[in-house]
Amino acid sequence: MQTAAAHNQRQPVSGRSTANSPKTAGFCRPYPVVAFTAGAEIYAPGSRAGTFYQVEFGAVRVHRLLSDGRRQIIAFYLAGETFGYDADRTHSFFAEAITQTGLRAMTRPANDEASPELLSLALRGMLRAQEHIMMIGRQTAVERIASFLIDMANRQGDLEHFDLPMSRLDIADHLGLTIETVSRVFAKLRSGGFIRLKSTRRVEFKRPDALRSLCA
């Protein structure tokens, strides 16, 4: 198993240091940016926790495997976002690069005290997890995908045209749907004039307010 901390000594990518950045304040020893190819494992269940990762470019999926072999994607992380927080000493999930991805590892402070930055990171993760549970439990397939697209747009700068780094299968495994349902809803949103698909990954909002109304 090869984690980012080990990987980082072999495939560093030149980049601006973030040692004094507000994003890394409260952490120590930010490492150089490490490149991961699409599908590469960053960490796995049981591997040692205590290192956090900031996405410099690309995207990451965090998932677990259910007892029947199905995959449940817990979250996606995009450029500028941080992941890897775990309350235990070992990780509980898999983390993988979705596309060519650059990560900057940051270690937990030696005194292991909970800094405001760590607390904020944990609370944001809990809030996102709660929102995801509510989405899966209470929304229809159309509502889930509309909410997902709006969230992806907001996290990339509140754009009306943006790229989806993840596949339709990734989206299905994240939203608790089948890939057939995801494809059918995308087609429905396109035919209804809500979105335009410039490619399989490139989405443009045609009627953003109407799309948001579907999430209610």
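Of note:
- Chain lengthening between Arg48 and His161 when straightened (0.36 nm per residue, less Cα-Cα): 36.8 nm
- Segment Arg124-Arg212, length gained on full extension (0.36 nm per residue, minus Cα span): 29.4 nm
Read-outs: derived from the displayed coordinates by stated rules, not from any lab. Computed from a prediction, not measured in an experiment: that's the story for all the values here.
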